Structure formats: C-alpha cells, structure tokens
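Peer 1: Before I ask anything, let me first share the structure, which is written out below as structure tokens.
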Amino acid sequence: MEFGLFIGALAIVYLIPGPDMLLVLHTSSTLGRGHGLATALGLAIARGAHVALAGLGLAALFIAAPWLFDVVRYVGAAYLVWLALQFIRTQPRTSINQQQVPLNGSYYMAWRRGLLTNLLNPKSLLFCSVLLPQFVHAEQGSVPLQFTLLGIMMVSVGLLYDAVYACIGAKMQRWVAGNQTKQKIQNWVFGTLLIGFALRLAS
C-alpha cells in the first residue's frame with residue numbers, strides 16, 4: 001500500500017472547506033474548544049461508519065437505486081439548512097465566560113451535530129468507496145485488512161485535522177469575545193456558507 005501517497009491525498013482533501021470544517025470552526029468559536037472536539041469526535045465516528053458501509057458495498061446500492069441516494073442527499077441538505085439557521089440565530093455572548101443555555105451548550109449536542117452532518121452526506125460514502133480501493137492491492141495481502149487499515153488512517157487523519165480546526169475556532173472565539181457585532185457577522189458568514197454547501201449537496 002502506498003501509505004505516503006494515501007496520506008498526502010487525505011491531507012489535501014481535509015484542507016478543502018466543507019460543512020464538516022465549518023461546523024467544527026463555528027462550534028469552537030461559539031462554545032469553546034471542548035465542544036469543537038466533541039463535534040470532531042462525532043465526525044470521526046460518522047467517517048468510520050462510512051468506511052464500514054463502503055467495505056460492505058453500500059455505495060453499489062446507491063448506484064443501483066439512485067432514488068435512495070437522492071433521499072439521503074435531500075435529508076442531508078435539509079439538515080445543513082437547519083444547522084445554518086441555528087448558526088444565524090446564535091445569540092452573541094458579552095464575554096467568553098458567559099454561560100450558554102444548557103441544551104445549546106451540551107457536549108452531546110455538539111457530538112450529535114458532527115455525527116449527523118457527515119453521516120447524512122452520501123457523497124462521503126461515495127468518496128470512501130472511490131478512494132480506498134485505489135490503494136488496496138490483492139497481491140499485497142488480505143484485502144479486508146488493507147481496507148480496514150486505510151479506513152483507520154482516513155478517520156485518524158480527519159480527526160487530527162478537525163482537532164486543529166477546533167483549536168483555530170477557539171482562537172476565533174477569543175477574537176470576537178465581547179464584541180456582539182463581530183459575533184453576529186461571524187454567525188451570518190458561517191450560516192450563509194453552510195446554506196451554500198447544502199445547495200451544492202442537493203444539486
């Protein structure tokens with residue numbers, strides 16, 4: 001297996017802005033690094049699920065039944081729009097230490113949002129189904145083992161990147177702390193971008 005080439009490909013992919021990155025950045029910038037890391041964990045679990053489903057051949061089911069792919073895609077897009085509206089409606093905080101409403105500030109909520117954002121994106125499953133087999137070679141040993149190792153690497157690299165984004169979001173939180181105008185602009189920017197990604201997913 002070409003581990004170096006595979007890691008290089010992942011390094012580029014995870015640098016491309018998308019809903020996952022936006023979610024981690026916004027969560028950390030509004031609720032703190034811990035919540036951003038909880039979101040990152042949810043994203044990692046969803047990616048692991050996509051790897052497992054790709055290994056089981058679920059992507060072929062989407063190809064055989066395009067309507068099923070469309071259903072998941074539209075549900076995912078609707079969820080992103082709902083998230084975007086939550087971003088826009090986020091109340092500015094007067095200080096970095098101000099307490100949030102428990103429901104909006106729970107680690108479980110942050111984890112769940114990460115899980116659903118990636119899990120409801122069928123393009124993530126197709127990505128796994130296309131990328132991973134390119135680096136699996138039957139002559140190099142057990143195909144399931146190679147697929148599993150590559151999947152673990154994919155999830156681990158993604159988690160590492162998301163952890164970095166969570167730290168960046170925490171820095172952003174300090175920058176906008178106490179400035180309600182900056183916070184409102186930030187929420188609108190993130191919300192608008194997320195709606196754009198939702199439209200792209202639905203198209």
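Just so it is clear, none of the values below were taken in a lab; they were calculated from the coordinates. Not measured: the values here are computed from a predicted model. Note that each Cβ is placed from the backbone with ideal geometry, even for glycine, and that neighbours are counted across all protein chains shown.
Peer 1: As an exercise, use a Förster radius of 41 Å and the Cβ-Cβ distance of LEU85 and GLU139 to find the FRET efficiency, rounded to the nearest 0.05. Don't skip to the answer; put the middle values down first.
Peer 2: On the way: r = 51 Å, r/R0 = 1.25.
Efficiency, from the Cβ-Cβ distance: 0.20.
Peer 1: Here's a follow-up. For the Cα atoms of the chain, what angle does the longest principal axis make with the long axis of helix 107-119, in degrees from 0 to 90, nearest 10?
Peer 2: The helix 107-119 is inclined about 40 degrees to the chain.
Peer 1: Which of ASP20, ASP70 has the fewest other C-beta atoms within 10 Å, and how do the rest follow up to the most?
Peer 2: Listed from fewest to most nearby Cβ atoms, that is ASP70, ASP20.
Peer 1: Tell me, in nm to one decimal, what length is gained between TRP175 and LEU56 on full extension, where the rule is 0.36 nm per residue of separation less the Cα-Cα distance?
Peer 2: Going from the current span to full extension adds 38.3 nm.
Peer 1: For the Cα atoms of the chain, what angle does the longest principal axis make with the long axis of helix 180-202, in degrees from 0 to 90, nearest 10?
Peer 2: Computed tilt is about 30 degrees.
Peer 1: Between ALA9 and LEU199, what is the label-to-label distance in nm when each label sits 7 Å out along the Cα-to-Cβ direction?
Peer 2: In this crude label model, ALA9 to LEU199 measures out at 3.1 nm.
Peer 1: Further question: Taking the Cβ of each residue in THR90, THR30 as the centre, tally the other Cβ atoms inside 10 Å and list the residues starting with the fewest.
Peer 2: THR90, THR30
Peer 1: So if each residue of separation counts as 0.36 nm, and I subtract the Cα-Cα distance between ILE63 and LEU149, what length gain in nm does that give?
Peer 2: Answer, rounded to one decimal: 28.4 nm.
Peer 1: Relative to the first principal axis of the alpha-carbon coordinates of the chain, what is the inclination of helix 122-131, with its axis defined by its Cα atoms, in degrees from 0 to 90 and to the nearest 10?
Peer 2: Taking the Cα atoms of the chain, the angle to 122-131 is about 40 degrees.
Peer 1: Report the extension gain between ILE16 and LEU131 in nm, rounded to one decimal, defined as 0.36 nm multiplied by the number of residues separating them, less their alpha carbon distance.
Peer 2: 39.8 nm
Peer 1: Per the Kirkwood definition applied to all pairs of different Cα atoms, how many angstroms is the hydrodynamic radius of region 56-203?
Peer 2: 17.9
Peer 1: On to the next question. Using the 10 angstrom Cβ neighbour count as an exposure proxy, how do SER142, SER124, SER29, SER203 rank, fewest first?
Peer 2: The fewest-first ordering by Cβ neighbours comes to SER203, SER142, SER124, SER29.
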